[in-house]
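The values are calculated or read from the model by the stated rules, or taken from the named source; none is laboratory data. On a predicted model such as this, the values are computed, not experimentally measured, just so you know. All Cβ positions, even for glycine, are placed from backbone atoms using ideal geometry, and neighbour counts span all protein chains on display.
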Amino acid sequence: MIAPSILSADFARLADEARAVEGSDWLHVDVMDAHFVPNLTIGLPVVDSLLKATDIPLDCHLMIDNPDRWAPPYAEAGAYNVTFHAEATDDPVRVGRDIRAAGAKAGLSVKPNTPIEPYLEILREFDTLLVMSVEPGFGGQSFIPHVLDKARKVRKLVDSGELTLVVEIDGGINDDTIEEAAEAGVDCFVAGSAVYNAADPGEAVRKLRRQAAAASKHLTLGS
């Protein structure tokens with residue numbers, strides 16, 4: 001699964017930029033509040049507009065404080081998947097359940113230096129684990145390879161039947177890094193610059209998907 005990140009798109013032409021990647025599995029929407037991370041991007045009104053402009057399921061990544069308050073409205077608006085950060089709340093299970101109750105898939109994200117072990121027991125409450133492979137806040141950063149150990153650990157639990165969830169990765173994913181991530185057990189790849197800086201964003205998505213499928217033991221084209 002490839003999820004182009006509109007953080008690297010032209011914000012003045014978001015409807016057109018969404019159409020440019022038709023056929024993508026998800027459209028990744030980075031919501032930043034200038035508190036949890038130092039950057040400020042877009043919020044619920046833009047998500048509402050995007051929902052009217054595209055049929056691609058929206059994958060909303062909330063890099064915000066107080067997800068217990070702000071996450072459910074994204075689900076209520078119609079986002080397919082709503083992910084918040086484990087570091088932003090003392091009760092991630094409750095937030096995840098509220099997102100599901102509001103009608104969306106629930107995702108949990110961890111920063112590069114946040115260990116995954118304290119959260120393994122609660123991952124059954126989630127539909128997605130988003131492993132950050134850069135520090136959240138800005139696009140265009142370099143991939144941090146050591147985070148793939150988290151993906152490997154969770155992949156083993158998924159393959160053994162202990163968990164059922166999508167392993168997603170975000171940060172520095174391009175044609176040089178996607179194969180390594182696929183080999184580690186990732187299912188869904190967020191790609192920003194690698195897609196929207198390409199001459200043909202749609203073809204960039206297809207190329208990344210082919211690379212991931214060829215490198216993975218568990219992914220196939222069309223899955």
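A few points about this structure:
- Looking across the stretch 140-159, just one residue is under 20 Å from residue 32 (Cβ atoms) and buried (at least 21 other Cβ atoms within 10 Å of the Cβ), and that is 147.
- Among the residues listed as 135, 168, 125, the single one being closer than 18 Å to residue 86 by Cβ, at pLDDT below 95 and not small (Gly, Ala, Ser): 135
- A Cβ distance below 8 Å, combined with a sequence gap of six or more or placement on separate chains, defines the contacts here; from the stretch 5-29, residues that are touching a residue at least 60 places away in the same chain (Cβ under 8 Å) reach residues that are part of a helix (DSSP H, G or I) and of a type in the set (Lys, Arg) in the pairs 23/206.
- 3 or more residues among the β-branched types (Val, Ile, Thr): qualifying strands (runs of 3 or more DSSP E) within the stretch 117-194: 166-170
- Unmet criterion (only one of (1) touching a residue at least 60 places away in the same chain (Cβ under 8 Å); (2) within 16 Å of residue 170 (Cβ to Cβ)) for residue 38: (2)
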